[in-house]
Structure formats: structure tokens, C-alpha cells
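Down below is the structure, laid out as C-alpha cells.
The values are calculated or read from the model by the stated rules, or taken from the named source; none is laboratory data. From a predicted model like this one, the values you see are computed outputs, not experimental measurements. Cβ coordinates were reconstructed from backbone atoms using ideal geometry, including for glycine residues, and neighbour counts include every protein chain displayed. Calculation scope for accessible area: heavy atoms of the full protein, side chains included, ligands and nucleic acids excluded. Shrake-Rupley method; radii C 1.70, N 1.55, O 1.52, S 1.80 Å.
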Amino acid sequence: MGRVAFWLFVSALALRAALLAVVFLVRHEPWDRFLTTSDAGSFVAAGKVIYGASPVSALSLYDTRVFPGWPLLFGWALRLGVPDPAVLAFSVVLAALVPVLFLRLTGERALSWYLVYLPPAWLVASSHPISEPAYLAAILLGLLALKAGRPAWAGAAGGFLVVLRAFGVAWLGATLLSLLVGERRLSRPVILAGLAAAVPIAGLLALNLHLYGDPLQQLHVYARPLQDLNIPPGLAASLHHPSGHWGWPFEHLLLTPWRTPVPLWKTVYIYAHIPVLLVLFGRGLSQLGRNLEAWDRALVLGFLANAALIVCTGPYWGFESFDRYFVWGLPGALWLARPWLGAQLRWHWILCPLSVAFALKSLLSHLG
């Protein structure tokens with residue numbers, strides 16, 4: 001397993017380095033622009049504020065929506081004068097650790113290789129200095145703690161997921177519910193996990209209160225009308241002025257591509273996720289009746305909870321970023337897909353070039 005883990009790590013690093021090299025050769029992008037594309041600029045700005053390198057007044061309202069977990073992990077380096085590109089390097093290294101952690105958790109060698117490059121949104125997110133690599137790494141570390149019989153560490157990892165992003169409640173809930181089902185009562189491990197989870201969440205509330213005077217700052221920002229954030233008024237009007245990031249199930253998938261200008265390829269690409277999500281959701285529900293280990297049950301529950309949340313996100317970003325939201329449940333999705341992907345090495349020859357092509361197109365489109 002040690003040799004496989006090494007090649008997983010090296011391959012993940014090399015692929016992202018190659019992608020970035022192509023992007024810079026084609027676009028001739030300066031580092032500072034790349035580091036402010038997508039959500040990266042908000043994370044970097046928040047990191048500088050948290051560690052005192054910039055005042056809170058330097059943040060826009062849109063910047064204050066980000067949860068502080070990822071900026072807390074890298075912001076100290078910016079405070080010490082380390083250049084901003086170090087954030088990207090940190091993110092890429094974490095991304096390369098994710099398939100290694102998945103291998104350690106599941107022992108599935110063939111399945112772990114998919115986390116090097118699949119799906120395209122994972123490849124894109126892990127080639128930017130944004131929080132997905134830290135998020136997936138924290139999910140897997142928590143599950144490893146659960147597998148090792150360390151509920152307090154599993155709970156702490158689940159609590160930190162909430163500090164990374166609001167959807168962390170899906171995996172925290174999966175951890176606590178898995179323990180509760182396994183123990184069949186409110187036992188010591190369940191209580192330990194809950195108390196450990198409360199510590200980082202309390203830290204999140206305290207930090208928000210200190211920085212913004214509002215312990216629920218991010219949730220209140222997300223609840224504002226989208227035109228107050230980063231959606232032009234005309235686009236918001238075409239969506240009937242939605243507020244926040246929540247909506248009816250599948251509303252964003254049904255309405256957004258027909259009310260706003262979306263390229264056909266993007267609509268087809270996003271819609272391709274839906275049958276995958278539904279098939280895996282059905283398989284996940286069928287697995288819950290079996291006698292599963294705590295970590296196995298948490299993998300399934302985490303995917304189910306994340307899937308339920310992402311189909312209820314609101315327009316406009318609920319559709320545009322649906323592929324990225326799918327990545328937040330990726331460890332569970334891969335685990336549920338193992339009957340089809342686990343031993344079928346030939347799929348790599350088909351899926352890898354497709355994933356890289358879509359990732360390149362997405363990266364170049366973001367910078368265009």
C-alpha cells in the first residue's frame with residue numbers, strides 16, 4: 001500500500017502542475033489575477049484579515065460570506081510575508097493527500113485513483129487556492145478517526161468541517177448519527193464526539209463575533225438578495241429576485257438554465273450529474289439496512305445528506321456550481337460507486353481524458 005500511496009500522491013501533484021502550466025501558457029495569466037479568480041480572492045482576503053495583515057474594512061460584503069476554516073489554515077503564512085502563491089501550493093498538496101487518505105480508509109486501490117482526477121469539478125477546485133482540498137481531507141481524517149475508534153477526534157474533524165463551510169453539517173451529522181446508530185443509545189462515544197464538535201463551532205461563532213460583530217455573519221450574508229452579492233440586477237430580475245442560497249428541491253436545475261444565459265455544453269454537463277446523483281442516492285438508501293461499520297455508515301450518510309442539501313440550493317449558483325457542490329460528497333459517492341468503478345481499470349482510460357478536458361475548459365473559461 002505504501003508504494004501505491006506514493007504514486008497516488010505524485011500523480012495528483014503532477015497532473016495539477018501540468019494543468020496550471022497549460023493555463024499559464026495559454027492565457028499568460030499573472031499570479032495575482034489567478035489568485036483572485038473564483039472564490040480564491042475572498043479566501044486570501046479573509047486570511048489576511050484574520051491574521052491581522054489587513055483591516056476588516058478591506059473586505060467587501062461578498063468576501064465576508066466565506067467561512068474562516070480555510071483562511072485559518074493558510075493565513076498565518078501570509079502574515080509572515082510568504083507570497084500568495086504559497087496558498088495555491090498548500091491547496092495542491094492537500095489535494096494530493098486526499099486519494100492517499102481515501103486509500104488508507106477503504107483499502108480500495110483502484111477506486112482511490114479516481115480521486116486523482118475525477119470528477120472535473122474536483123480537478124478544477126483543487127487547482128485553485130480554495131477550500132475543497134481541505135474539506136475532503138478533513139472528511140477523510142474524521143472517518144479515519146471513526147474507524148480507529150476515536151470518537152472525540154472524529155467529532156472534532158466534523159466540527160471543523162462546519163468552520164470550513166456551512167455544508168459541513170452534512171458530514172458532522174453523518175458522523176454523530178453513525179455513532180448513535182451503532183451504539184443504539186446516547187453513549188459515551190456519542191457524547192464525546194458531540195462535545196468535541198462543539199469546540200471548533202464555538203470558535204467559529206466567537207471569531208465571527210470578534211471580526212464582524214455577528215456570530216452568524218456568513219449565514220446572514222448568504223440570506224441577502226443575490227444582487228447584493230455578486231449577481232447583476234438584470235440577472236437577478238430574470239430569476240425573480242431570489243434571496244439566499246436555498247430553494248425548492250431541483251428548482252435551480254429546472255429554472256436557471258431557461259431563465260439565464262447558460263451555454264449548452266454547461267447545461268448538458270450539469271444535467272449529467274443528476275442521474276449519477278439519483279442512482280447513488282438510491283444505492284445509499286439501500287445500504288443503510290445492512291450491518292455496516294461506523295465509518296462505512298458515515299460515508300453513506302454523508303453522501304446522502306450532502307445530496308439532499310445540494311438539490312435544495314437556490315438559483316443562481318445552485319445550478320452554476322452544482323458540479324462543485326457534488327464534490328463535497330465525493331468520498332461517499334465513490335464508495336457507493338465501487339461495484340461499477342472499483343475493479344474496472346479500463347474506465348480510467350475513458351474518464352481521465354474526459355475529466356482533464358472538461359477541467360481545462362472550465363479553468364480557461366473562468367480566466368476568460
Helices (runs of 4 or more DSSP H) contained in the range 1-72 and holding at least 2 residues of a type in the set (A, V, I, L, M) and under 22 Å from the mean Cα position of the chain (by Cα) = 2-27, 40-50
request  = Test Trp347 against the stated conditions and say whether it is without any contact (Cβ under 8 Å) to a residue 12 or more places away in the chain and aromatic (Phe, Trp, Tyr).
outcome  = yes
ask   = Is it the case that Arg79 is at pLDDT 95 or above and of a type in the set (D, E, K, R)?
value = no
query = With respect to the numbered conditions (1) open to solvent by 20 Å² or more (accessible area, probe 1.4 Å); (2) among the polar types (S, T, N, Q); (3) in contact (Cβ under 8 Å) with a residue 60 or more places away in the chain, which one is the sole condition not fulfilled by Thr37?
reply = (1)
inquiry  = Being among the hydroxyl-bearing types (Ser, Thr, Tyr), at pLDDT below 90 and closer than 25 Å to Ser126 by Cα: is that true of Thr313 here?
reply    = yes
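Yes/no per residue for (1) out of contact with any Gly (no Cβ under 6 Å at 6 or more places or on another chain); (2) closer than 23 Å to Ser54 by Cα:
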| site | (1), (2) |
| --- | --- |
| Leu207 | yes, yes |
| Leu211 | yes, yes |
| Ala236 | yes, no |
| Leu239 | yes, no |
| Trp246 | no, no |
| Glu251 | yes, no |
inquiry  = Given the criteria under 28 Å from Ala223 (Cβ atoms) and open to solvent by less than 50 Å² (accessible area, probe 1.4 Å), does Arg65 qualify?
reply    = yes
remark   = Within the range 198-214, of all residues that are more than 22 Å from the chain's Cα centre (by Cα) and surrounded by fewer than 14 Cβ atoms within 10 Å (Cβ to Cβ), the one nearest to Gly168 (Cα to Cα) is Ala206
note = The residue from Val268, Val276 that alone is under 21 Å from Phe102 (Cα atoms) and either at pLDDT 90 or above or aliphatic (A, V, I, L, M) (or both) is Val276
remark   = Given the conditions (1) farther than 22 Å from Ala359 by Cα; (2) of a type in the set (Gly, Ala, Ser); (3) open to solvent by 10 Å² or more (accessible area, probe 1.4 Å), every one holds for Gly142 apart from (3)
message = Please pick out the residue among Ala359, Ala294 that is under 24 Å from Gly158 (Cα atoms) and touching a residue at least 24 places away in the same chain (Cβ under 8 Å).
response = Ala294
ask   = Picking from Leu105, Leu115, Leu88, which residue would you name as being open to solvent by less than 10 Å² (accessible area, probe 1.4 Å), in a helix (DSSP H, G or I) and farther than 27 Å from Leu204 by Cβ?
value = Leu115
request  = Residue by residue through the range 154-170, note down the ones that are open to solvent by less than 50 Å² (accessible area, probe 1.4 Å) and assigned to a helix (DSSP H, G or I).
outcome  = Ala154, Gly155, Ala156, Ala157, Gly158, Gly159, Leu161, Val162, Val163, Leu164, Gly168, Ala170
task = Can you work out which of the residues in the range 118-131 that are outside any helix (DSSP H, G or I) and hydrophobic (A, V, I, L, M, F, W, C) is nearest to the chain's Cα centre (by Cα)?
result = Ile130
